[in-house]
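Asker: Please find one structure pasted underneath; my questions will follow.
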Amino acid sequence: MRPLAPHQQRGGEAREGSAERADGARSGAPATAACPGALSTAETPVAPGAEDSTLPAWMRLYFYGMHGITLDVLISSARGFLHSPDLKMLGFSTPYHCLLHSLTQFALEKVYLQRRRCPSTFAFNFLLYPSAHLGLQTLVGKALLLISHGGRQLGEAAPGALDLALQYVLAVYYSQVFLKRFLRLRYRRPQPQPQPQWRGPPPLSGSRIAAAPSTGRPRPRGAGVFGGAPSQGLPDLLRFLFFGMHGFLDEIFFTFFFNLLEQEDGAINGHTSLWSFFMYGSCSFVVEKLYFYLHYSRGWGTCKRIPIYVLFIYTWELSWGLGLRMCGGCSWDYSHYPLNFMGLITLMYLPGWIFLSFYQDLLSNVLWRVQYIPTK
């Protein structure tokens, strides 16, 4: 028997069966709480106005597109390396792929959430969901061919057995690994504070963390108390993975539109390198720490922080470029650009780095409100 609520314990003896469910209904508890087959915490609908809820639709679309581009880069890089080993590890994708990944995975999410209605978990995980995944991916492939060739119909061969096997493996990965964990993310919506001058929760007794000096600035939104402990947003590993995937997204979009200006005919792709995942992931991770320290501890404004970010970014890019060039894995060369240094950094990209530095602060504020609920 489930433990009774405090007000039920004060009311007298425990009630069983329908009486217990009736008490739950009168107290406002959701009907699924008494159902043995209730949804998990990660999938239970959150009541309107609740402080913590599932990720907004726009955020899930953003994640799905970024994750899809990451898979495109990984797969194309692995295929290229097997065909012709090259330590540059180049991978390819396009903004069209990003958009279609967002829409298809958003649709497949709806399919995944219906798995409890299927009498056989095995049949759903290894037959029904992969079938839906393969069907949508086939349609997406045809749509991409039409887009890349200006809408002209081409006699394209049907997907081979290897391609179908790869899509099946990806479908199992989505249902058994990615979605199981991704749908456990929660978004902590900003709540109106009763006291405008609130500076955060008082330090816990016995806490080892020293209170930050008061600077007259509020903490990042969502930096309150979550689950009885100070909220830290996503774990550091997940933040690193996010920033690494976002680095792929940035480079694919930038190189695609840059190539679009230079080429007039033929299929155009954006490209990046597998090394960019580690370079962007580590760089953005450090820049985020700088943001929280300089803004919330030192009280520095944007105009004072951005030069620090840009200086660190150029230093990071130069360091990685020197290391990768020594082993033949450097995928960029700016020697043909003016204002370059050793062909590894160039001031031509300064406006882009300034924009990404500003955007990094916005991403950090959003990620601070995202929580991961681990599986039990």
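Asker: List L183, L162, L318 from most exposed to least, where exposure is judged by having the fewest other Cβ atoms within 10 Å.
Answerer: Sorted ascending by nearby Cβ count, the order is L162, L318, L183.
Asker: Separate question: If we sort 56-66, 273-283, 79-89 on the protection proxy, mean other Cβ atoms within 10 Å, highest first, what's the order?
Answerer: 273-283, 56-66, 79-89
Asker: Let me ask another. In nm, what is the difference between 0.36 nm times the number of residues separating L127 and E109 and their Cα-Cα distance?
Answerer: 4.9 nm
Asker: Which of H271, H336 has the fewest other C-beta atoms within 10 Å, and how do the rest follow up to the most?
Answerer: Ordered by Cβ neighbours within 10 Å, fewest first: H336, H271.
Asker: Quick one: length gained pulling F257 to W58 fully straight, 0.36 nm per residue minus the C-alpha distance?
Answerer: Computed gain between F257 and W58 is 69.3 nm.
Asker: Calculate, for M326 and T302, the FRET efficiency according to 1/(1 + (r/R0)^6) with r their C-beta to C-beta distance and R0 35 Å; round to the nearest 0.05.
Answerer: FRET efficiency, M326 to T302: 0.45.
Asker: If each residue's Cβ is checked for other Cβ atoms within 10 Å, how do L237, L164 rank with the fewest at the top?
Answerer: L237, L164
Asker: Follow-up question, since we're still on this one. Quick one: which of 301-311, 242-252 comes out on top by average Cβ neighbours within 10 Å, and what's the full order, highest first?
Answerer: In descending order of packing, they fall as 242-252, 301-311.
Asker: Suppose the chain between L99 and R116 were pulled fully straight at 0.36 nm per residue; how much longer would it get relative to their current alpha carbon spacing?
Answerer: 3.3 nm
Asker: Okay, moving on. Give me the one-decimal nm value for the distance between modelled label points at S84 and F358, 7 Å along each residue's Cα-to-Cβ direction.
Answerer: Computed distance between label sites S84 and F358 equals 4.0 nm.
Asker: With a cap of 15 neighbouring Cβ atoms within 10 Å, and only residues DSSP puts in a loop, list the GluC sites (Glu not before Pro) found in segment 262-355.
Answerer: E264
Since every read-out is calculated from the coordinates, none of them should be taken as a lab result. Given the structure is predicted, the values throughout are model-derived calculations rather than measurements. Glycine gets a Cβ as well: all are built from the backbone with ideal geometry, and neighbour counts include every protein chain shown.
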